[in-house]
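Data block below; observations after.
The values are calculated or read from the model by the stated rules, or taken from the named source; none is laboratory data. Since this is a predicted model, take the numbers as computed values, not measurements. For neighbour counting, all protein chains shown are included, and Cβ atoms are generated from backbone atoms with ideal geometry for every residue, glycine included.
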Amino acid sequence: MKRLLRMSFDVFLATITNILGWFLVGLLIDNNLINMTLLTYPLYFIICAIHCICGTGANISAIRDKNKDSVFSGFVIASILGLILLGIIIFKIDDYILFMNMNPKTYKIFAIYAVIILYLRLLLKLTLTKLYYSGNNKRANRYSILFSLISITSLVFASLITKDQILIIITSLVPTIVFIAIMVMRVIPVGHFKIYLRKCIKYDSVYLFGEISMFIIYLFGLKNSFNFGENYILANSFVSLITETQLDMIGATKTAAQVDIAKNIFSYKEHIKNSENLGFVLFVSSMVMALVLYPIYKVDILYTAIFFGIRIFHLIVYPIYSSKITFIQLEKSAPEATINKQIANILRIACSFIPTPFCVGIGLLVSTLYHLLYTNISVKVHKLDLEMKKAQT
């Protein structure tokens, strides 16, 4: 549980920094900037997809294939690929903002800043992953705290002293970039360029294609939702505010499972027990945030309850199916796990085009139920023993 809290703490910092930062900048500069979190959210899955191969896959390869250079090689590939993909987004930023049914005049400068921060977060994720697989979770926490403090304080401080948006983003980016550069040089071991790319994809193919699908889902799903009026947008933004951090934090259960399975020390019973404890804490925190922030937002209760209920259900069951599908991928059949993950994603993508403001939530519910059904059936059919610790004794 302690290790799980450390991993989820890093995710918590990344998410809360992003949400809180735009909330404060919105109060100081322009209220519309509070919507920056949703505007750039689909792009987050681009860096997650890159991280699956060059972060998670490369670190698992370093352990299982005894390739000491895979981490360095993965970092180099991720840095270049991220620069190219996010650079294209910056070059076409006006078109992206218009596609999301928002006004480029209001969001352009800070949208460029947000995309650059996403690139820096990619480098941070790669570095933290190296530390996780090395067992240096405390050090990873320190770097997460420093990154969050530097990025949010520099952004808010600059917003307090000037309203010049270009000056604000320069003031924030300079210290953040310097910190990232120092951190990377201290953690990522320089080596030869040697990477088994096919194996890196195999080791995290389930979540690689999942992240690509999530990009499509939220890109078109949010665009679809934004067409139904202000009440739905506000309710969606409110629920994202009180649950997004928690949903990201529960994702640490997948990382913990991947590390343990890669090292052959996984125990499903122990993993689920720790995940349930974490899930309870996250659920309570969401309820507290809802009660505190509701008087400020005054959102429609029915719309909010629907969005909230679906997300909480996903938060509760995510550790159950994610740990099983990770086990199936690494210990039984990566193609099978990947194909079934994509079936769920295809169902979710299809739901994103349903002409309703709840399309994203419906897609999440459908894919979650499919994951639960598939993983339970697969574990029984293959007669998998999820207690690797027990098997070793």
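Just a few scattered comments:
- In this entry, Met249 passes the filter for residues that are hydrophobic (A, V, I, L, M, F, W, C), in the same structural domain as Leu315 (by TED's automatic domain parsing) and either modelled with pLDDT of 80 or more or assigned to a loop (DSSP other than H, G, I, E, B) (or both).
- Residue list for segment 266-286, restricted to those being surrounded by fewer than 19 Cβ atoms within 10 Å (Cβ to Cβ) and closer than 15 Å to Glu244 by Cβ: Phe283, Ser285
- Flag for Phe307 being farther than 30 Å from Gly57 by Cβ, crowded, with 21+ Cβ neighbours inside 10 Å and not assigned by TED's automatic domain parsing to the domain that holds Ile60: yes
- Checking Phe226 against (1) closer than 20 Å to Leu20 by Cα; (2) surrounded by 19 or more Cβ atoms within 10 Å (Cβ to Cβ), the condition it does not meet: (1)
- Only listed residue being assigned to a helix (DSSP H, G or I) and at pLDDT 95 or above, chosen from Ile84, Ile109: Ile84
- Scanning segment 149-166 turns up at least one residue that is closer than 30 Å to Ser73 by Cβ and either assigned to a helix (DSSP H, G or I) or among the polar types (S, T, N, Q) (or both).
- Residues that are in a helix (DSSP H, G or I), of a type outside the set (Lys, Arg) and farther than 14 Å from Ile182 by Cα within segment 127-139 comprise Thr129, Leu131, Tyr132, Tyr133, Asn137, listed in sequence order.
- Residue in segment 329-343 that is more than 19 Å from Gly57 (Cβ to Cβ) and either free of Cβ contacts under 8 Å to residues at least 24 places away in the same chain or of a type in the set (Val, Ile, Thr) (or both) present: yes
- Odd one out for Ile180 among (1) over 21 Å from the mean Cα position of the chain (by Cα); (2) assigned to a helix (DSSP H, G or I); (3) more than 30 Å from Leu347 (Cβ to Cβ); (4) not hydroxyl-bearing (Ser, Thr, Tyr): (1)
- Filtered residues of segment 264-313 (kept if among the hydrophobic types (A, V, I, L, M, F, W, C), more than 10 Å from Val239 (Cβ to Cβ) and not in a helix (DSSP H, G or I)): Ile265, Phe266
Residue-wise test of (1) surrounded by 21 or more Cβ atoms within 10 Å (Cβ to Cβ); (2) not assigned by TED's automatic domain parsing to the domain that holds Phe99.
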| position | (1), (2) |
| --- | --- |
| Thr129 | yes, no |
| Lys138 | no, no |
| Ile182 | no, no |
| Tyr232 | no, yes |
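- Once segment 252-263 is narrowed to residues that are touching a Leu at 6+ places or on another chain (Cβ under 7 Å) and crowded, with 23+ Cβ neighbours inside 10 Å, the residue that is modelled with the lowest pLDDT is Ala252.
- Leu98 passes every criterion in (1) in contact with a helix residue (DSSP H, G or I) (Cβ under 8 Å, 6 or more places away or on another chain); (2) touching a residue at least 40 places away in the same chain (Cβ under 8 Å) apart from (2).
- Boolean, Thr356 is of a type in the set (S, T, N, Q) and surrounded by fewer than 21 Cβ atoms within 10 Å (Cβ to Cβ): yes
- Test: residue in segment 27-36 that is at pLDDT 85 or above, β-branched (Val, Ile, Thr) and either assigned to a helix (DSSP H, G or I) or under 28 Å from Lys199 (Cβ atoms) (or both): no
- Output for segment 334-393, where each listed residue is polar (S, T, N, Q) and not in a helix (DSSP H, G or I): Ser352, Thr356, Thr393
- Positions within segment 212-223 being closer than 18 Å to Thr368 by Cβ and either crowded, with 20+ Cβ neighbours inside 10 Å or without any contact (Cβ under 8 Å) to a residue 40 or more places away in the chain (or both), in sequence order: Ser213, Met214, Ile217, Tyr218, Gly221
- When Ser144, Ser151 are checked against the criterion of being touching a residue at least 40 places away in the same chain (Cβ under 8 Å) and within 30 Å of Ile265 (Cα to Cα), Ser144 stands alone in meeting it.
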